[in-house]
Amino acid sequence: MSRKYSTALILLAICLFAAVSCSPGELPPLEGEPAELADDFISCLAKSDYEGAVDYFDAKMKRAMPVRKLEQIWTELEGQIGPYEQQTDMREEFVDGYDVVFVTAEFRDDSVVIRVVFDENRRVAGLWFDPVQ
């Protein structure tokens, strides 16, 4: 193997190691029970603390729904059904390896079920706003 070729391989290995080292890894697990975390997460939304709310997200959710996108979604929701007022019900289920917390939230003009899905690290891996059945 030529010296030039082996130097190129070493440089390539260093670049690959640096790229892997800089890639975002898993975020540390959050402490607390899913219901408590869902309550805290929704409290952040109610206070327009979108940065605080996104801190509950896993890495995939942070990419899919950054702060500005979450703010846009919550603002549009409140624009349609009025400002958030309170939680009226909460229930939990374990579905396909995820803890799912269903929070019935009352807004001025209507209520919705906020479905907060937690992964094994107690981070928000999914978020839906469903009509109350």
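The values are calculated or read from the model by the stated rules, or taken from the named source; none is laboratory data. None of the values given here were measured: they were computed from a predicted structure. Virtual Cβ from ideal backbone geometry, glycine too; neighbours counted across all protein chains shown.
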In segment 81-119, residue farthest from A35 (Cα to Cα) [restricted to those that are free of Cβ contacts under 8 Å to residues at least 12 places away in the same chain and of a type outside the set (A, V, I, L, M, F, W, C)]: D96
Scan of segment 67-88 for residues that are in contact with an Asp or Glu (Cβ under 9 Å, 6 or more places away or on another chain), surrounded by 13 or more Cβ atoms within 10 Å (Cβ to Cβ) and β-branched (V, I, T), ordered by number: V67, I81
Flag for I10 being at pLDDT 95 or above, of a type in the set (V, I, T), part of a helix (DSSP H, G or I) and surrounded by fewer than 16 Cβ atoms within 10 Å (Cβ to Cβ): no
Failed condition for W74, given (1) among the hydrophobic types (A, V, I, L, M, F, W, C); (2) in contact with a Leu (Cβ under 6 Å, 6 or more places away or on another chain); (3) farther than 16 Å from L45 by Cβ: (3)
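Can you say whether R91 is surrounded by 13 or more Cβ atoms within 10 Å (Cβ to Cβ), modelled with pLDDT of 95 or more and among the basic types (K, R), as far as the supplied structure shows? Working first, answer last.
Details: surrounded by 13 or more Cβ atoms within 10 Å (Cβ to Cβ): no; modelled with pLDDT of 95 or more: yes; among the basic types (K, R): yes.
Answer is no for this residue.
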